[in-house]
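Have a look at the structure below before the remarks.
The values are calculated or read from the model by the stated rules, or taken from the named source; none is laboratory data. For clarity, every value in this text was computed on a predicted model and none was experimentally measured. Counting neighbours? That spans all protein chains shown, and the Cβs are built from the backbone with ideal geometry, glycine included. These accessible areas exclude ligands, DNA and RNA; they are computed on the full protein's heavy atoms, side chains included. Shrake-Rupley method; radii C 1.70, N 1.55, O 1.52, S 1.80 Å.
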Amino acid sequence: MKGAKSSPAKSLQSISIKSFTRPGSVPSVMTEQKEQESTGSDNIDPSWNNSFTPDQLQEVWNEYARSVEKSNSRLYSMLTAKSPRLKGQNVVVFPLQNETQEVELIKEKGSLFDHLKRKLKHASLILEIEYIREEKGPQKAYTVTDKYKVLAEKNPFLDKLKDALNLDLE
């Protein structure tokens, strides 16, 4: 068997996970992502200070939302559910309903604000988040006083009847 060729299985090399955990060894995907993030901010001139209208802000905001619609539908619906508003010259206030939405927005903040800064030519934009709590409907009346108030709102003559009969609520 001296003349036998080596089998292809012997020429394969194995890859160890430990090789990726050594200092200085970073998987190429992570390196590319960091390079993309750093090049995005490089296109922004720190001297940009153009003024813009709330309508222009909304237009550029929607443009960014459309760009992530297919890749991140949750972010798209969050960005289009409410409108950002301008506070002062460089603060963008965006209303959110909960902390989970904030986490999602913070993940995307770098890309979103790089886009806004480039398109609006304003380098010092700042994000401010405000929480909007939606009312869940009428509150239940549990106490006697609460029940009376609810009934009196529906029928104002109830107050007159209470006074005429000299009634007290406990």
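If I filter region 130-153 for residues that are of a type outside the set (A, V, I, L, M, F, W, C) and touching a residue at least 60 places away in the same chain (Cβ under 8 Å), do I get at least one hit?
no
So, of the residues in region 88-128 that are open to solvent by 40 Å² or more (accessible area, probe 1.4 Å) and of a type in the set (A, V, I, L, M), which turns out to be farthest from ASN50 (Cα to Cα)?
VAL103
Would you check if there is a residue in region 81-94 being on the phi > 0 side of the Ramachandran plot and modelled with pLDDT under 90?
yes
Read through the list (1) of a type in the set (Lys, Arg); (2) surrounded by 10 or more Cβ atoms within 10 Å (Cβ to Cβ); (3) at pLDDT 90 or above, then give the number of the only condition that LYS34 fails.
All conditions pass for LYS34, except number (3).
Determine which member of the set TYR148, TYR131 is farther than 23 Å from PRO46 by Cβ, of a type in the set (Ser, Thr, Tyr) and open to solvent by less than 50 Å² (accessible area, probe 1.4 Å).
TYR148
Pairs needed: first member in region 78-94, within 15 Å of LEU105 (Cβ to Cβ); second member anywhere, open to solvent by less than 70 Å² (accessible area, probe 1.4 Å) and of a type in the set (Phe, Trp, Tyr); C-beta distance under 6 Å; at least 6 residues apart or different chains.
PRO84/TRP61; PRO84/PHE94
Residue check: is LEU169 at pLDDT 85 or above, surrounded by 10 or more Cβ atoms within 10 Å (Cβ to Cβ) and either charged (D, E, K, R) or touching a helix residue (DSSP H, G or I) at 6+ places or on another chain (Cβ under 9 Å) (or both)?
no
Which count do you get for residues in region 66-104 that are touching a Leu at 6+ places or on another chain (Cβ under 7 Å) and closer than 29 Å to SER47 by Cβ?
Here the count works out to 6.
Specify the residue that is nearest to the chain's Cα centre (by Cα); the eligible residues are those in region 52-76 that are part of a helix (DSSP H, G or I) and more than 19 Å from LEU120 (Cα to Cα).
LEU75
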